[in-house]
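The values are calculated or read from the model by the stated rules, or taken from the named source; none is laboratory data. Owing to the predicted nature of the structure, the values given are computational and were not obtained by experimental measurement. As a convention, Cβ positions derive from the backbone with ideal geometry for all residues, glycine included, and neighbour counts pool all protein chains shown.
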Amino acid sequence: MGADKVEIAINTVKIAIIFLMMIQMVPLLVWLERRGSAFIQNRFGPNRVGPLGLMQLLADAVKFITKEQFVPANAVKFLFLAAPVIALVPAALAFAAIPLATPIHIDPFHLLGQSWGPYTIEMQSVRMNVGIIYILGVSSLGAYGLLIAGWASGNKYSLLGAIRASAQMISYELALGLAIVGILMIYGTFDLNKMIEMQQGPFSFQFMGQAYEISWLPNWGIFFQPLGALLFFIATFAESNRLPFDLPESEGELVAGFHTEYGGFKMLMFFMGEYGHMMVGAGLVTTFYLGGFQSPFVWQTYDYMLNLAIAHHGPGTVASALTTGYFLIWFSIKVGLLLWVFIWVRWTLPRFRYDTLMDLGWKTLLPWTLGNVALTAIVLYWARAM
Amino acid sequence: MGSYDVIFYILSIVSLGAALGVIFFPSPIYSALMLAITMSGLAAMFFTLEAYFLAGVQLIVYAGAVVVLFVMVLMLFDLRKESQPFSGQKISNFFKAGIIAAASMALIIPLSTVFFIRTEKTKPVTTVDLAGTLFTKYVFAFEAIGILLLVVLVGALALAKSRGGTHE
Amino acid sequence: MSNALHVGLNHYLVVSSLLFMIGVAGVLVRKNVIVILMSIELMLNAVNLSFAAFSHFNQEPGGQVMVFFVMAIAAAEAAIGLAIAVAVYRKFNGIEIKLFENLKG
Amino acid sequence: MLDQLLPILILLLIVIVFGAGMLYLTSLAGPKAKQTPERLMPYECGIPGQDPQTTKFPVKFYLTAISFILFDIEVIFLYPWTLIYIENIKQMGGYLLISMGLFMGILVFGLFYEWAAGGLEWD
């Protein structure tokens, strides 16, 4: 967190900004979802409130805030109110470890009669040297939010919906953990920043001693592990209970599954948890398989962009801020595209029945990921050790 | 009293308090949630010991799988608050003396040496060392764990399939 | 006094022994089988903590490997313990420890 | 150590304060309606619900949770293996491949045994 008080303060503000940025994404994603589904189903979607329905976000927010704080009769009051916060914690903690861009280097400057020393601010809340294990550990806590919500609302059907949702979540967490092993074998590290550094430059690999290089492909993880990327992406759908995996909320008698009795801002918090998991999933897919925050066509390393900026603006804060902004834009473009795929799949694919859903998790995804791990190990051994 | 020590004391108070909650809450679902807090607190304490990989594994295995199983099973039993959760049977004096002796020994020895022995934090044990030792020195135990897991899987299946009782 | 508060190996041992004692007390005191299983998990975690502390202060990776194995075995034990508890619950419709006496041969 | 644990604790604090604060504020802002007994009934799509004791005890869920724990431990042992596999693949790659192959083989056999014994069926 930095040595002196100032750096700790800067980092705390940065953590709060990244968390609030994640929270601000929720109304935007809700709007994108409604416009997107309207576009897919050939209708208009919200366009009354402000241009293109953008003010609809504000209208939704006000509606959620002014709803009545309703707690049903045989609910356990404290847990009933605590469940939305518990559902929000894993997504926020997991998003903290995803690298957004290269760090900003600020040169010493003079302000308010004091000279402030040089700072480097990491563009992520916490730089973990076991990044991916921490993210898996924290997102496995997501099941508690559902279980407590289902049990505390005293409604028999929401309890059943909660247990179904958490059973689905834990079985796909297995496939998620195994799908990552394939790409981890190739990177050989858990640190997400090192993984992104490894994905620089044109596509190059060693095979039986010679090094090959394909100059028109970027050196991204998806070209090393196409099957692993697909399996990981499917598993992130199920992790965030998104369609076609949101069956526990949609059956006739389960009505809305574990959040049947919830309304107002508590409901919005469950949305924040769901969209938070979606953004963590999209961030992980970009970091592992799509080269993190790097631009696809300028394949040189980071310093290429830095030198370009320095050539125009001279070394200093402005140059590094420009490169960080450049990479931040590329990161948000990739995550945005993946979020659109989440929404696009939701409004095109039909829903699974519960037993086919669990069969897919245990009988197709799990064997495929095990096969992928075995195949990668053998091919790696054949390529590198022979 | 650096900031490192303050964090250690906060985490240990949280973990021990939650552990006390596990055994003193009458309704078992509350004690299961307290167990989840204890596990996460211990994961944070592994962080202070710079065993980052262990902290992540603790979160994945304990806080995210074992305690979720406890919570699920308790919810399926649908128990409400237990009338009198503590077993009232008498504990013989000999047994009580043994407990008090063991407890005091376990506390006095580390507490007494706190004032004399000063252990400095060394270079941390990295995950690569852990993996290196695991697959070279302890590889037999590693394979034995694989067989143990298979046995447990077969056992759990047999238990789940059995109707309980003597028929068929 | 402030020298003694500087955290060393012994502080971790004190916390681990306290946690172990809470686990033992839980096993002795409670009636519900699942809470007894949870107290056993507490005891195993106390051992994990002291293993990690010794491994950190003595620069010995063996300690962390032991924590790894203890976790694997404790999770397997919790799984089997719960499977037995559920089987007993389905048969005797109660979850107190005294129902387990009916399992005698 | 500190620059990895402190941000997480601060973020946890921020999330809890944000969540609890917003809940409290919105409870002030919302209207206060009269709590009639019908209104407080759990939502059963209008049909008066039975009491919760009559639900059938579904055994299937805890079996999934148990097999999840067992295969999760297998995944946990794979993670340190991936760290050291690529680096010293030249000198001990074969040895590592065989040791992990044996471990995974045992557990894949366990998975197929569970599949055959119907552990993964959903009635």
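Identify, from the list A:376, A:356, the residue that is out of contact with any Phe, Trp or Tyr (no Cβ under 6 Å at 6 or more places or on another chain), assigned to a helix (DSSP H, G or I) and crowded, with 20+ Cβ neighbours inside 10 Å.
A:376
Quick check on segment D:50-76: of everything there that is assigned to a helix (DSSP H, G or I), more than 7 Å from every other protein chain (Cβ to nearest Cβ) and farther than 19 Å from residue B:156 by Cα, which residue is modelled with the highest pLDDT?
Among residues in segment D:50-76 that are assigned to a helix (DSSP H, G or I), more than 7 Å from every other protein chain (Cβ to nearest Cβ) and farther than 19 Å from residue B:156 by Cα, the one modelled with the highest pLDDT is D:53.
What pairs can you find where one residue is in segment C:7-19 and under 15 Å from residue B:108 (Cβ atoms) and modelled with pLDDT of 90 or more, the other is of a type in the set (Asp, Glu) and surrounded by fewer than 21 Cβ atoms within 10 Å (Cβ to Cβ), and their Cβ atoms are less than 9 Å apart, with a gap of 6+ or different chains?
The qualifying pairs do not exist here.
Quick test for you: out of A:46, A:84, pick the one residue that is assigned to a loop (DSSP other than H, G, I, E, B) and over 30 Å from residue A:315 (Cα atoms).
A:46
Within segment C:74-96, work out how many residues are in a helix (DSSP H, G or I) and within 7 Å of chain B (Cβ to nearest Cβ).
13
Determine whether segment B:73-82 contains at least one residue that is within 15 Å of residue C:45 (Cα to Cα) and in contact (Cβ under 8 Å) with a residue 12 or more places away in the chain.
No, because not a single residue in segment B:73-82 is within 15 Å of residue C:45 (Cα to Cα) and in contact (Cβ under 8 Å) with a residue 12 or more places away in the chain.
Check whether at least one residue in segment C:18-41 is farther than 23 Å from residue B:33 by Cα, assigned to a helix (DSSP H, G or I) and facing chain B (nearest Cβ under 7 Å), and report yes or no.
No, segment C:18-41 contains no residue that is farther than 23 Å from residue B:33 by Cα, assigned to a helix (DSSP H, G or I) and facing chain B (nearest Cβ under 7 Å).
Failed condition for residue A:122, given (1) part of a loop (DSSP other than H, G, I, E, B); (2) over 25 Å from residue B:41 (Cβ atoms), with all others met?
So the condition that residue A:122 fails would be (1).
Would you say residue A:316 is within 25 Å of the chain's Cα centre (by Cα), farther than 30 Å from residue A:212 by Cβ and among the small types (Gly, Ala, Ser)?
Against the criterion (within 25 Å of the chain's Cα centre (by Cα), farther than 30 Å from residue A:212 by Cβ and among the small types (Gly, Ala, Ser)), residue A:316 does not qualify.
Starting from residues that are among the small types (Gly, Ala, Ser), more than 7 Å from every other protein chain (Cβ to nearest Cβ) and part of a helix (DSSP H, G or I), keep the ones in segment D:95-123 and report whichever is surrounded by the fewest Cβ atoms within 10 Å (Cβ to Cβ).
Among those residues, the one meeting the criterion is D:116.
Which ones in segment A:186-216 are more than 17 Å from residue A:302 (Cβ to Cβ), touching a residue at least 12 places away in the same chain (Cβ under 8 Å), part of a strand (DSSP E or B) and not aliphatic (A, V, I, L, M)?
Selection gives A:203, A:204, A:205, A:206, A:207, A:215, A:216.
Does segment D:23-42 contain at least one residue that is part of a helix (DSSP H, G or I), modelled with pLDDT under 70 and at the interface with chain A (Cβ under 7 Å from one of its Cβ atoms)?
yes
Are any of the residues in segment A:100-119 in contact (Cβ under 8 Å) with a residue 60 or more places away in the chain, of a type in the set (A, V, I, L, M, F, W, C), in a helix (DSSP H, G or I) and under 30 Å from residue A:16 (Cβ atoms)?
The answer is no; no qualifying residue exists.
Name the residue that is surrounded by the most Cβ atoms within 10 Å (Cβ to Cβ), counting only residues in segment C:49-67 that are more than 7 Å from chain B (Cβ to nearest Cβ) and in a helix (DSSP H, G or I).
C:63
Considering each of B:57, B:61, B:71 in turn, give the residue that is within 23 Å of the chain's Cα centre (by Cα) and either modelled with pLDDT under 75 or farther than 23 Å from residue C:67 by Cβ (or both).
Checking each option against the conditions leaves just B:71.
Tell me the residue from A:280, A:335, A:345 that is among the hydrophobic types (A, V, I, L, M, F, W, C) and in contact with a Phe, Trp or Tyr (Cβ under 6 Å, 6 or more places away or on another chain), please.
Exactly one residue qualifies, and that residue is A:280.
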